[in-house]
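Participant: Mind having a look at this structure? Questions to follow.
The values are calculated or read from the model by the stated rules, or taken from the named source; none is laboratory data. What you see is a predicted model, and the numbers here were worked out from it, not measured in a lab. Neighbour counts are summed over all protein chains in view; Cβ atoms, including those assigned to glycine, are modelled from backbone coordinates with ideal geometry. Note: accessible area is taken over every heavy atom of the protein model, side chains too, but ligands, DNA and RNA are not part of it. Shrake-Rupley method; radii C 1.70, N 1.55, O 1.52, S 1.80 Å.
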Amino acid sequence: MARILVTGGAGYVGSVCCAQLLARGHSVDVVDDLSTGFAEAVPQGAVLHQASIGDRESLSAILASHSFDAVFHFAAKALIPESVVNPGTFFDANVASGISMLETIRKYGVSNFVFSSSAAVYGTPSFTPIPEDHSTEPVNAYGESKLVFERILKWYAAAYGWNVIAFRYFNACGGGPTWGERHEPETHVIPLLLQAASGRRDCFDILGTDYPTRDGTCLRDYVHVLDIAEAHVLALKATGRSGFRAYNIGTGRSYTVREVCRAAETIAGQRIEIRTAPRRPGDPAELCASPQRLKDEFGWSPKHSQLANILVGAWEWEEQQCRSLSVDDLTNAND
């Protein structure tokens with residue numbers, strides 16, 4: 001069993017990955033500054049250290065306290081629209097702080113590193129499904145920051161003999177009765193749709209209806225966060241070798257925003273108020289993964305990523321959020 005240091009483990013994908021690692025018997029320490037994550041999202045059994053990845057002193061103290069077998073790096077700024085208008089903060093958080101973290105890790109001899117990259121590194125693809133050797137031309141600073149960090153990691157792998165795996169996620173989604181997406185502000189299609197279905201939002205805005213797709217709305221490859229977590233667990237089998245390798249995590253099938261809207265209405269059992277709005281800066285028309293490399297080399301498969309299954313779990317989470325808000329309202333009313 002391994003001891004894993006997980007950065008960003010209080011966030012959506014990171015916390016689910018922590019839970020899966022713990023379920024397999026691994027030990028988990030989480031480093032998260034809680035700027036966008038939530039302490040209550042860290043699963044029981046993981047040790048939470050509230051610190052920034054760029055804080056060398058705090059990170060050194062954590063690394064000195066135990067011998068870690070690997071680092072899983074989820075921590076990042078990730079709001080694409082913000083990255084378009086304020087790129088400096090993204091390069092500061094995702095690249096500059098990341099380099100500080102890498103140097104601290106290197107000081108303590110940890111050489112197995114798994115990086116949460118993104119499909120945003122590809123930009124607007126020239127064809128789909130997208131293989132890992134497709135050209136990388138990001139159209140927003142978020143994607144650029146991920147690509148820059150991948151390139152840095154290639155140099156670390158070559159110079160220091162590190163084993164580096166970069167997972168390029170497509171659209172992470174899904175949930176369950178006690179966990180799910182929780183972003184402030186929320187920008188992802190599925191939680192926004194279901195919040196409109198539950199009444200927490202007045203409506204759902206389709207951002208752009210003039211894309212060159214089958215119905216004019218963006219095409220995206222939706223992958224369940226449990227399948228993303230499984231890829232990380234499988235990555236532990238590759239520890240001990242050196243080099244850099246990138247893998248897509250997606251299903252190879254994409255849905256338009258309108259198709260997801262119709263599927264969400266079916267799962268929620270009600271009509272959702274839909275409005276159309278202008279395109280969001282930095283959004284490519286289509287993203288769809290070829291996950292063949294991950295399947296061939298790790299035996300991975302997207303077992304949880306059927307769209308209906310994703311929506312059922314996400315709807316359970318939304319219903320639970322609504323119940324929690326109702327309890328809070330009653331409590332506040334009685335105070």
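Participant: Using the Cβ atoms and a cut-off under 15 Å, what net charge is assigned to the surroundings of residue 224, where Lys and Arg are +1 and Asp and Glu are -1? Each step should come with its number before you reach the end.
Facilitator: Values: positive: 220, 253, 303; negative: 181, 221, 227, 230, 316.
Net charge around residue 224: -2.
Participant: Per-residue ellipticity at 222 nm for the chain, helices alone: DSSP H runs ≥ 4 residues times -39500 (n - 2.57), over residue total, nearest 500 deg cm²/dmol? Walk me through the numbers before you get to the answer.
Facilitator: Details: 11 runs with 132 residues, N = 335.
Counting only the DSSP helices, I get -12000 deg cm²/dmol.
Participant: With all protein chains present, how much of the accessible area of region 209-335 (probe radius 1.4 Å) comes from carbon and sulfur, to the nearest whole percent?
Facilitator: Roughly 46 percent, rounded to a whole number.
Participant: Pulled fully out, how much extra length does the chain show between residue 293 and residue 273, if you take 0.36 nm times their separation in residues and subtract their Cα-Cα distance?
Facilitator: Numbers: separation 20, 0.36 × 20 = 7.20 nm, distance 3.98 nm.
Using 0.36 nm per residue and subtracting the Cα-Cα distance, I get 3.2 nm.
Participant: Nearest 10 degrees is fine. How inclined is helix 225-235 to the longest principal axis of the chain, computing both from alpha carbons?
Facilitator: Helix 225-235 and the main axis of the chain meet at about 20 degrees.
Participant: From the C-alpha gyration tensor of the chain, pull out the three semi-axes of the equivalent ellipsoid (sqrt of 5λ each), sorted largest to smallest, in whole Å. Walk me through the intermediate numbers first.
Facilitator: Numbers: eigenvalues 197, 119, 68 Å².
Semi-axes from the Cα gyration tensor: 31, 24, 18 Å.
Participant: Kindly provide the pair-distance distribution of region 1-73 built from C-alpha pairs, with 5 Å bins from 0 and whole-percent values in order of increasing distance.
Facilitator: With 5 Å bins starting at 0, P(r) equals 4, 19, 32, 26, 15, 4, 0.
Participant: Can you tell me which of 9-19, 104-114 comes out highest on packing, and rank the rest after it, using the mean Cβ neighbours within 10 Å?
Facilitator: Details: 9-19: 26.6, 104-114: 18.6.
Answer by packing, highest mean first, reads 9-19, 104-114.
Participant: Quick check: from the Cα gyration tensor, does region 154-306 come out rounded (a/c under 1.5), prolate or oblate? Can you show the working numbers first?
Facilitator: Numbers: a/c = 2.36, a/b = 1.93, b/c = 1.23.
Prolate.
Participant: Pull out the extension gain between residue 135 and residue 160, defined as 0.36 nm times the separation in residues minus the alpha carbon to alpha carbon distance; nm, one decimal. Write down the numbers at each step before the final one.
Facilitator: On the way: separation 25, 0.36 × 25 = 9.00 nm, distance 2.63 nm.
Here the segment from residue 135 to residue 160 would lengthen by 6.4 nm.
Participant: Tell me the label-point distance for the pair residue 56, residue 280, using the 7 Å Cα-to-Cβ offset, in nm and rounded to one decimal.
Facilitator: Each label point lies 7 Å from its Cα, and together they span 3.7 nm.
Participant: Measure off 7 Å from each Cα along the Cα-to-Cβ vector at residue 325 and residue 124, then give the distance between these two points in nanometres to one decimal.
Facilitator: 3.6
Participant: With a 1.4 Å probe and all protein chains left in place, how much accessible area per residue does the chain have, in Å²?
Facilitator: Values: 14520 Å² over 335 residues.
It amounts to 43 Å² per residue over the chain.
Participant: Could you state the angle between the C-alpha long axis of helix 56-65 and the longest principal axis of the C-alpha atoms of the chain, as a value from 0 to 90 degrees rounded to the nearest 10?
Facilitator: 70
Participant: Would you kindly compute the Cα radius of gyration of region 278-329 and its largest Cα-Cα separation (Dmax), both in Å?
Facilitator: Rg, Dmax (Cα atoms, Å): 17.6, 51.
Participant: Additional query: In debye, nearest 20: dipole of region 1-114 around its Cα centre with unit charges on the Cβ of K, R (+) and D, E (-)? Provide the component values of the computation, followed by the final result.
Facilitator: Numbers: 6 positive and 10 negative charges, 65 e Å.
Its charge dipole is roughly 320 debye.
Participant: Follow-up. Under 1.5 on a/c is rounded, so check that first for region 48-181, then, if it is not, pick prolate when a/b is larger than b/c and oblate when it is not; a ≥ b ≥ c are the square roots of the alpha carbon gyration tensor eigenvalues. List each step's numbers first, then the result.
Facilitator: Details: a/c = 1.63, a/b = 1.41, b/c = 1.15.
Taking the square roots of the gyration eigenvalues as a ≥ b ≥ c, region 48-181 is prolate.
Participant: Using only Cα atoms, find the angle between the long axis of helix 141-160 and the longest principal axis of the chain, and express it within 0 to 90 degrees, rounded to the nearest 10.
Facilitator: 20
Participant: Further question: Work out the length of the dipole vector of the chain about its Cα centre, built from +1 on the beta-carbon of each Lys and Arg and -1 on the beta-carbon of each Asp and Glu, and round it to the nearest 20 debye. Numbers along the way, then the final one.
Facilitator: Numbers: 29 positive and 38 negative charges, 202 e Å.
For this selection, approximately 980 debye.
Participant: Provide Rg and Dmax in Å for region 92-148, with only Cα atoms included in the calculation.
Facilitator: That works out to 13.9, 42 Å for Rg and Dmax.
Participant: Running Debye on region 40-120 with equal point scatterers at the Cα sites and no solvent, what base-10 log of I(q)/I(0) appears at q = 0.26 Å⁻¹?
Facilitator: Log-scaled intensity ratios, in q order: -1.37.
Participant: For region 110-206, list log₁₀ I(q)/I(0) at each q in 0.10, 0.16 Å⁻¹, using the Debye formula over Cα point scatterers of equal strength and ignoring solvent, two decimals each.
Facilitator: Evaluating at q = 0.10, 0.16 Å⁻¹ gives log10 I(q)/I(0) of -0.41, -0.85.
Participant: Mind putting a number on the dipole of region 224-330 about its Cα centre? Charges go on the C-beta only, +1 for Lys and Arg and -1 for Asp and Glu, and I need it in Debye to the nearest 20. Mind dumping the intermediate values first?
Facilitator: Details: 14 positive and 14 negative charges, 110 e Å.
Result for region 224-330 is approximately 520 debye, rounded to the nearest 20.
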